[in-house]
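Step one of this worksheet: look at the structure below.
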Amino acid sequence: MHSELDAYDRRILALLQEDASLSSAQIAEQVGLSQSPCWRRIQRLKEEGVIRGQVTLLDRKKIGLNTQIFAEIKLNAHGRSNFTEFTEAIRGFPEVLECYVLMGAVDFLLRVVAADIEAYERFFFEKLSMVPGIQEVNSIVALSEIKSTTSLPLLR
């Protein structure tokens, strides 16, 4: 369900995307509302599922995850059981930050982080390649990051 967002909602969400630790009073001041209506809007956005959660974003390199790999996966069969088995296995790997089902030449795209290439190699041979149904994995190492954001474009 698509939620209708007015200008206040969009400004509130834009602020929260940048700093989820802001209080409702701080947000209210910046968007031009009093605290109570602002707090009610935030609660409504949470109840409607527009706000899914609040997290702390970490710098992966500062905690030793220096390598980012994109892995293209082809399955050898496209039956429902293989799809389910694959997705359940992938959800259990903390190294996999994102997984997408694709249309086209490959079935899935994974974003994987590791300390270094050797750590990815261990992940690949000990975990990923052991998942039943995988026909092919094409690993692409990201050299540098040009843009990375969690903020959705809200303001029109």
- Message: Ranking request for peptides 20-26, 85-91: highest mean number of other beta-carbon atoms within 10 Å first, then the rest in descending order.
- Response: 85-91, 20-26
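Counting every Cα pair in segment 19-156, what percent are over 19 Å apart?
On the way: 5948 of 9453 pairs.
Here the tail beyond 19 Å accounts for 63 percent of pairs.
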- How large, in percent, is the carbon and sulfur part of the accessible surface of the chain at a probe radius of 1.4 Å? 53 percent
- Note on the structure: Rounded to one decimal in nm, the spacing of the 7 Å Cα→Cβ label points at F125 and K61 is 2.9 nm
- Message: Please compute the per residue accessible area over segment 1-75 with all protein chains in place, 1.4 Å probe, rounded to a whole number of Å².
- Response: 66 Å²
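How much net charge surrounds D19 when only the other residues with a Cβ under 15 Å from the Cβ of D19 are counted, with Lys and Arg +1 and Asp and Glu -1?
Here the count lands on -1.
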- Query: Along the Cα-to-Cβ line of A14, 7 Å from the Cα, sits a label point; which residues in segment 30-66 have backbone N less than 13 Å from it?
  - Reply: 30-32
- Query: If you add up the charges near A119, with Lys and Arg at +1 and Asp and Glu at -1, over every other residue whose beta carbon is less than 13 angstrom from its beta carbon, what do you get?
  - Reply: -2
- Over the residues of segment 101-156, compute the C-alpha Rg and express it relative to 2.2 N^0.38 Å. 1.48
- In units of 2.2 N^0.38 Å, the Cα radius of gyration of segment 5-46 is 0.96
- Note on the structure: Rounded to the nearest 500, the 222 nm mean residue ellipticity computed for the chain from DSSP H runs (n ≥ 4, each -39500 (n - 2.57)) alone is -10500 deg cm²/dmol
- Task: Multiply the residue gap between E48 and Y100 by 0.36 nm, knock off their C-alpha separation, and tell me the result in nm, one decimal place.
- Result: 16.3 nm
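The values are calculated or read from the model by the stated rules, or taken from the named source; none is laboratory data. On a predicted model such as this, the values are computed, not experimentally measured, just so you know. Cβ coordinates were reconstructed from backbone atoms using ideal geometry, including for glycine residues, and neighbour counts include every protein chain displayed. SASA here: full protein model, heavy atoms, side chains in, ligands and nucleic acids out. Shrake-Rupley method; radii C 1.70, N 1.55, O 1.52, S 1.80 Å.
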